[in-house]
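Report on one structure; see the data block that follows.
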Amino acid sequence: MSDCIFCKIAAGEIPCNKIYEDADVVAFHDIRPLAPVHFLIIPKLHVASLADCGPEHEALLGRIMGLVPKLAAEQGLAAGFKTGINTGRGGGQEVFHLHVHVFGHKG
């Protein structure tokens, strides 16, 4: 989507504090962190929310969730972390591009 900020980040059109990238996903630090460590993992494919996912997205969702513990450990969250997926306006979603929040405290 041409007006989606996360699509622009995924395309490299908007800079971010990137911690990971591969052919399918990008992970970067949140610009409004809720914890000392707070990053997002987004698919490069535009999917508006988790509610828009179907069987065709299972591999992508698995890829994202499989990266969570790896990236959390790399960011110093070996003792534990939280994840969150806000879905829809009622679920607190502000950017309508699927994204997983990972946050916690180092140590």
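The values are calculated or read from the model by the stated rules, or taken from the named source; none is laboratory data. As the structure is a computational prediction, the values presented were derived from the model and not from experiment. Cβ: placed from backbone, ideal geometry, glycine included. Neighbour counts: every protein chain shown.
Some observations on this one:
- Taking each residue of segment 76-93 that is among the aliphatic types (A, V, I, L, M) and looking for partners that are at pLDDT 95 or above with beta-carbon atoms closer than 6 Å, six or more apart or interchain, yields Leu77/Val37; Leu77/Gly104; Ile85/Leu50; Ile85/Val100.
- Remark: pairs (first residue in segment 5-33, in contact (Cβ under 8 Å) with a residue 24 or more places away in the chain and part of a strand (DSSP E or B); second residue exposed (fewer than 15 other Cβ atoms within 10 Å of the Cβ) and of a type in the set (Asp, Glu); Cβ separation under 9 Å; 6+ apart in sequence or on different chains) = Ile19/Glu74; Tyr20/Glu74; Ala27/Glu21.
- Residues in segment 38-89 that are out of contact with any Asp or Glu (no Cβ under 7 Å at 6 or more places or on another chain) and among the basic types (Lys, Arg) were compared, and the one that is farthest from Phe28 (Cα to Cα) is Arg89.
- Each residue in segment 50-84 was checked for being farther than 15 Å from His38 by Cβ and in a loop (DSSP other than H, G, I, E, B), and 4 pass.
- In segment 85-106, the residues that are part of a strand (DSSP E or B) and within 14 Å of the chain's Cα centre (by Cα): Val100, His101, Val102, Phe103
- For segment 1-52, the tally of residues that are charged (D, E, K, R), surrounded by 11 or more Cβ atoms within 10 Å (Cβ to Cβ) and more than 19 Å from Gly66 (Cβ to Cβ) stands at 3.
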